[in-house]
Amino acid sequence: MLFILAFLIHSVIKFFQHLREIKPKQEGLNPLYPFYTAVTLAAFLGVGYLEFRHQFVQITTTPIIRKISGVDTALARCDRAMANLFAPTRKGYVQYEYADGQYTSSDIAHFHPAACADIFNWYVWQGKTNTTDYQIHTLDMISHEAVHIGGVRSELIAKCASTEWTEDVLLFLGAKPDEAKRVAEINRKNANDYQGRGPGSQTSAYEGNCDSLPSFRKD
């Protein structure tokens, strides 16, 4: 992305340098130059917008990741679109490493580019209101991956634990209290509905109901 941005800046500079070298009275101005200018500037603005969106979501969600996980070095990272061109369309993930007989999580929450775009659209263009079911799932990803960084490996348990933070996440992002509460209630219901899917969804210490688990909040 930065290479493309640098290339576009270089193209704009070279273009205007070329314009200054033209002798309008002798040679005239190529009628395609305005078109080239418009295309170059549009590409420049487009790439700039995508980069701004990318950085904005990372900067905005990183403090949330750190608060929930309890890890001061935790980071939110929007993966680059080209790097995910042929990758599975999962919204988010945390990488685990296996060493000395145990798994340890990294301190980076990876978000799919489409998920970052959805967060940005909800935050900036939608005004943090009228949150759709799809957006609820996307916003839940923030606390869900933070819980993984905090040490919860089980996907089912993380699904429940993340819902304890839903209302706080939306309030931190600037949603109104009524909207934050509404989304939190829906997300909790979705988490409970999720627990009964497929074999092995229940364990001896976990009955497949979020309310049967102790609180995972550290505050």
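Just so it is clear, none of the values below were taken in a lab; they were calculated from the coordinates. Note that the coordinates shown come from a computational prediction; the quantities given were computed from them, not determined experimentally. Cβ coordinates were reconstructed from backbone atoms using ideal geometry, including for glycine residues, and neighbour counts include every protein chain displayed.
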So for R0 = 30 Å, FRET eff. of L45-R182 from the Cβ-Cβ r, to 0.05, ends up at 0.25
Taking a crude spin-label model, label points 7 Å out from Cα along the C-beta direction, the T73 to T132 distance in nm is 3.9
Ordering of 153-162, 109-118 by burial proxy (mean other Cβ atoms within 10 Å per residue, highest first):
109-118, 153-162
Which residues qualify? For L75, with a placed amide H closer than 5 Å and at least 5 residues away or on another chain, they are I108, A109
Residue-wise, which Karplus ³J(HN,Hα) couplings in Hz belong to the range 126-140, taking 6.51 cos²θ - 1.76 cosθ + 1.60, θ = phi - 60°, and x for glycine or proline?
8, x, 6, 10, 6, 5, 7, 4, 5, 5, 4, 5, 5, 5, 5
Can you list the equivalent-ellipsoid semi-axes of the range 72-178, largest first and in whole Å, using the square root of 5 times each Cα gyration tensor eigenvalue?
25, 18, 11
